[in-house]
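Peer 1: Below is a structure I'd like to ask you about.
Bear in mind these aren't lab numbers, they're just calculated from the coordinates by the rules spelled out. From a predicted model like this one, the values you see are computed outputs, not experimental measurements. Here the Cβ positions follow ideal geometry from the backbone for every residue, glycine too, while neighbour counts run over all protein chains shown.
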Amino acid sequence: MSIHILTQGKEPSQVTLSYYDYLEGSELELRVNMLFNASCLLSAASNLQTVAFQFNEKRICLSRAELESWYGRALTNELTEYMILKRMEKLVIEGNDLPL
């Protein structure tokens, strides 16, 4: 795996996670994993606007605006891993489609 950081001025605005090995698992498992990782990264870094994943010859980008719209709240460093998991679980149980 490699990580590439794109900056605007002095601030990072996008992180790209590139996986070199083929990722195994169901499509849903991979999507949930990417959603969780993007949520954690965007919550931890307030200046980060986009998280991109490159894997299995695909590229998927998730923006802060998309995820904040999906969660119905701002992604801030006050969100804990538990809060993110519980919110994801609630939205999926309610029938909301994953934003990717």
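Peer 1: Calculate, in nm to one decimal, what ARG59 and ASN77 gain on full extension: separation in residues at 0.36 nm each, minus their alpha carbon distance.
Peer 2: 3.9 nm
Peer 1: Separate question: Whole-Hz Karplus ³J(HN,Hα) for the stretch 84-90, in order, using 6.51 cos²θ - 1.76 cosθ + 1.60 and θ = phi - 60°, x for Gly and Pro?
Peer 2: 5, 4, 5, 5, 4, 4, 4
Peer 1: If I take every Cα pair under 8 Å that is 6 or more residues apart in the chain, average their sequence separation and divide by the length, what percent do I get for the relative contact order?
Peer 2: Over the chain, the number comes to 25 percent.
Peer 1: Looking at the chain, what % of its DSSP beta bridges pair antiparallel, to the nearest 5?
Peer 2: 70
Peer 1: From the gyration tensor of the Cα coordinates in the stretch 48-100, what semi-axes in whole Å does the equivalent ellipsoid have, largest first, with each one equal to sqrt(5λ)?
Peer 2: 20, 15, 11
Peer 1: Still on this model: Based on the alpha-carbon gyration tensor of the chain, what equivalent-ellipsoid semi-axes (square roots of 5 times the eigenvalues) come out, in whole Å, largest first?
Peer 2: Details: eigenvalues 86, 74, 22 Å².
In descending order, the three semi-axes are 21, 19, 10 Å.
Peer 1: Still on this structure, I have one more. Modelled label-to-label distance, ASN96 and TYR22, 7 Å Cα→beta-carbon offset: nm?
Peer 2: About 3.4 nm separates the two model spin labels.
Peer 1: Show me, for the stretch 28-41, the HN-Hα J-couplings you get by feeding each phi into the Karplus relation (A = 6.51, B = -1.76, C = 1.60, θ = phi - 60°), rounded to Hz, glycine and proline as x.
Peer 2: For the stretch 28-41, the Karplus curve yields 5, 4, 5, 5, 5, 4, 5, 4, 4, 4, 5, 4, 5, 5 Hz.
Peer 1: By per-residue mean of other Cβ atoms within 10 Å, what is the highest-first order of 65-74, 16-25?
Peer 2: Result, highest mean first: 65-74, 16-25.
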